[in-house]
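Okay, structure first, notes after.
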Amino acid sequence: MSMIFRNCWAYLILFILIGSGCKRVVKQDHQAQQAPAVSEADSKAEMKKIMSLKLPQKTILVDQQYSFSIPAHYIFAVQRLAATELEDDHKLGKLDLSTLKDSISVISFGNVFSKEERLYHQSIMIIPEADSTLLTVEDVKADFPNVETVYFQDENSIIFDQNDNFIALYLKYDVLHKSYIFYKAEMGWSQKLPKEEKINLFAHLIRNAKNFTDKNTPAIQFSSWEEYAHNLPLIEVNMLNRFFKKLEKEQAIFLEEGETIAPRTEANYELAALSRLTTNEQLAFHKFIDAVKANKVSELTNLDYNRDVFDVNNQNRYTLNTDGNCYIIKTSHKGYDGVFAPGTVEVLCPIDYRNKSFLLKTMVDDLQAGDVDLFVKIFNYFSKHHTLDLKSK
């Protein structure tokens, strides 16, 4: 799923990519946090383990020529900037970006389940440059004063912290298109998370970056949440577990018949909602599914449906796929001009628990079919085990 950001967002991305390393970020004493030391041997062992992990991928095409392989649950935005739009002295190592003749493409990444968490930022710059010897990772690292600890470094990538800001850099020269591919990820010092989890996350991000232009990585598909949980960063797995603990408690204790709960994540946004269905709502849901299968949604009466549970409009177009217990429903909304807008996707998962009926659904805007596999695997696991905790199995 791609989006086009406004220019001001692109300038923010550029600041994150090349500006933040040139300034010293000063922490107040009361905000400083002592973290246990992580040895070089520990970080190397962690990196080796993580580099062997894999995730389902999807291919995106940027500027009709650059092909990138990114994790299937990633979303991205692309912005093109001419050198004239940059301020003077926008430097990356030895390269002054403001003097470039060709425009720069900036790609920012997020993922469908934590895009609003803002735990960290990650972006790519595609920089046209004929000289393949002009930049190295070591050159770019020199843009960052006060580097404290280098956790990993090889010929084209590095992970380090700078005043407790965690930073990952990856640099590769694209010979075919005569461009540098520069990736940067950064987590600010204000994120009070265990250092081991930060190292784990940034090792995953470097692994992803190394796969961006790898044409030889075989395509894989996961069949379960367990596979995702063993291949995602610990920070993200733990975040999902904490969120679904809220739904677990609501399902077991608090949710009354006819009620819907949509807990907020730690960053205060909605990820999924859980409804406890009345008998009429159960019947209406199955009637809707049958109507979609038979292409007879236009015959439904809208008043039969509770929009807090799921929204039905007999003027819309619906298509349906199933995966385990989940229904993957694409909705195309009919406009006032009679034209159907491009569809968005919702995942709905009926759950039976202690003779009670529930419905779990996604609450993320603008989902597309290629974005939902992780949600499907999570929902299927939760519908069976009523938790995301793998130890309970």
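The values are calculated or read from the model by the stated rules, or taken from the named source; none is laboratory data. Just so we're clear, the structure is a prediction, and the values are computed from it rather than from any experiment. Note that we place each Cβ from the backbone using ideal geometry, even for glycine, and neighbour counts take in every protein chain shown.
Can you find a residue that is farther than 19 Å from residue 380 by Cβ and small (Gly, Ala, Ser) anywhere in the stretch 320-337?
For the stretch 320-337, residues farther than 19 Å from residue 380 by Cβ and small (Gly, Ala, Ser): present.
Within the group 199, 181, 220, which residue is at pLDDT 95 or above and of a type outside the set (Ser, Thr, Tyr)?
On the way: 199 fails: at pLDDT 95 or above; 220 fails: at pLDDT 95 or above.
Exactly one of 199, 181, 220 is at pLDDT 95 or above and of a type outside the set (Ser, Thr, Tyr), namely 181.
Does residue 178 count as more than 28 Å from residue 374 (Cα to Cα), touching a Pro at 6+ places or on another chain (Cβ under 8 Å) and of a type outside the set (Gly, Ala, Ser)?
Judged against the criteria, residue 178 is a match.
Just to be sure I understand, how many residues within the stretch 145-158 are buried (at least 19 other Cβ atoms within 10 Å of the Cβ) and either in contact (Cβ under 8 Å) with a residue 24 or more places away in the chain or part of a loop (DSSP other than H, G, I, E, B) (or both)?
Count: 3.
Looking at this structure, is residue 288 crowded, with 18+ Cβ neighbours inside 10 Å and either in contact (Cβ under 8 Å) with a residue 12 or more places away in the chain or not basic (Lys, Arg) (or both)?
Yes; evaluated as a whole, the condition is true for this residue.
Take the conditions part of a loop (DSSP other than H, G, I, E, B) and assigned by TED's automatic domain parsing to the domain that holds residue 260 and apply them to residue 350. Does it pass?
no
Take the residues of the stretch 245-260 that are out of contact with any Pro (no Cβ under 9 Å at 6 or more places or on another chain) and under 27 Å from residue 201 (Cα atoms): which is surrounded by the fewest Cβ atoms within 10 Å (Cβ to Cβ)?
My answer is 245.
If you go through the stretch 282-311 one residue at a time, how many are of a type in the set (Lys, Arg) and outside any loop (DSSP other than H, G, I, E, B)?
2
When the residues of the stretch 276-297 are filtered to those that are under 24 Å from residue 262 (Cβ atoms) and among the hydrophobic types (A, V, I, L, M, F, W, C), which remaining residue is farthest from the chain's Cα centre (by Cα)?
Restricting to residues being under 24 Å from residue 262 (Cβ atoms) and among the hydrophobic types (A, V, I, L, M, F, W, C), the top hit is 283.
Go through the stretch 159-258 and tell me which helices (runs of 4 or more DSSP H), entirely inside it, have 2 or more residues that are closer than 22 Å to residue 384 by Cα and touching a Ser or Thr at 6+ places or on another chain (Cβ under 9 Å).
Because the criterion is at least 2 residues that are closer than 22 Å to residue 384 by Cα and touching a Ser or Thr at 6+ places or on another chain (Cβ under 9 Å), the helices (runs of 4 or more DSSP H) in the stretch 159-258 that meet it are 234-249.
Mind checking which residues of the stretch 261-281 are crowded, with 18+ Cβ neighbours inside 10 Å, outside any loop (DSSP other than H, G, I, E, B) and among the polar types (S, T, N, Q)?
The one that is crowded, with 18+ Cβ neighbours inside 10 Å, outside any loop (DSSP other than H, G, I, E, B) and among the polar types (S, T, N, Q): 275.
Given the structure, is residue 376 of a type in the set (A, V, I, L, M) and surrounded by fewer than 21 Cβ atoms within 10 Å (Cβ to Cβ)?
no
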